[in-house]
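I have placed the structure first, in the form of structure tokens, so that the comments after it can refer back to it.
The values are calculated or read from the model by the stated rules, or taken from the named source; none is laboratory data. These figures come from a predicted structure and were not determined experimentally. When we count neighbours, we look across all protein chains shown, and the Cβ atoms used for this are built from the backbone with ideal geometry, even at glycine.
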Amino acid sequence: MWRFIRAYLVYTWGGLHRFFGNTNNLRSEHEAAVRYFSRAYEIDPTFRRVRLERATLLWRELSRHDEALADFNGLIDDDPEYGPALFGRAMVYQENGRYQDALNDLDAYLALPEAEPYWDEARRTAALLRELMAE
């Protein structure tokens with residue numbers, strides 16, 4: 001319990017750095033957020049939300065796709081039906097031209113209950129990828 005509380009506090013601090021990085025477009029703040037998210041994950045390796053946030057930050061704000069994929073892959077290895085990780089990994093694959101891999105992840109994501117937060121976006125993206133691959 002205390003381990004999670006401590007990890008959550010560190011995670012929150014990282015979230016503040018990410019916010020300031022996004023608000024002020026400062027790479028140094030994003031790098032600080034990655035360090036805090038990594039530290040929170042070290043404190044509590046069962047805290048998958050922090051690993052998801054780190055992967056998303058690495059992918060979207062820092063364009064460090066290999067590191068982001070490592071985090072997304074680790075999350076999916078732990079829980080093959082973890083929707084946010086499937087969706088995130090699909091987006092990284094798509095950005096890197098790995099359309100079939102992206103489509104496979106999107107199909108797995110769409111097989112989950114419709115309550116997933118990115119359901120509509122995943123359905124649209126999968127349709128676009130199918131069109132692109134058919135050409």
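Of note:
- Scanning the range 66-75 finds no residues that are modelled with pLDDT under 95 and of a type in the set (S, T, N, Q).
- Residue count for the range 18-30, restricted to those that are buried (at least 16 other Cβ atoms within 10 Å of the Cβ) and at pLDDT 85 or above: 3.
- Listing of helices (runs of 4 or more DSSP H) fully contained in the range 75-135 that carry 3 or more residues being without any contact (Cβ under 8 Å) to a residue 12 or more places away in the chain: 119-134
- First in the range 6-32 and more than 17 Å from V50 (Cβ to Cβ) and without any contact (Cβ under 8 Å) to a residue 12 or more places away in the chain, second anywhere and of a type outside the set (A, V, I, L, M, F, W, C) and surrounded by 13 or more Cβ atoms within 10 Å (Cβ to Cβ), Cβ under 6 Å, 6 or more apart: F20/E29
- Looking only at the range 11-52, and only at residues there that are outside any helix (DSSP H, G or I) and hydrophobic (A, V, I, L, M, F, W, C), the one that is nearest to L75 (Cα to Cα): F47
- Taken over the range 77-95, residues that are out of contact with any His (no Cβ under 6 Å at 6 or more places or on another chain), under 19 Å from S63 (Cβ atoms) and not aromatic (F, W, Y) amount to 7.
- Flag if Y36 is more than 17 Å from D105 (Cβ to Cβ), hydroxyl-bearing (S, T, Y) and touching a Lys or Arg at 6+ places or on another chain (Cβ under 6 Å): no
- Any hit, the range 92-104, residues being among the small types (G, A, S), under 14 Å from the mean Cα position of the chain (by Cα) and under 21 Å from R48 (Cβ atoms): no
- Any hit, the range 63-73, residues being in a helix (DSSP H, G or I), farther than 30 Å from L26 by Cα and aliphatic (A, V, I, L, M): no
- Summed over the range 83-135, residues that are surrounded by 19 or more Cβ atoms within 10 Å (Cβ to Cβ) and either acidic (D, E) or in the same structural domain as T56 (by TED's automatic domain parsing) (or both) total 1.
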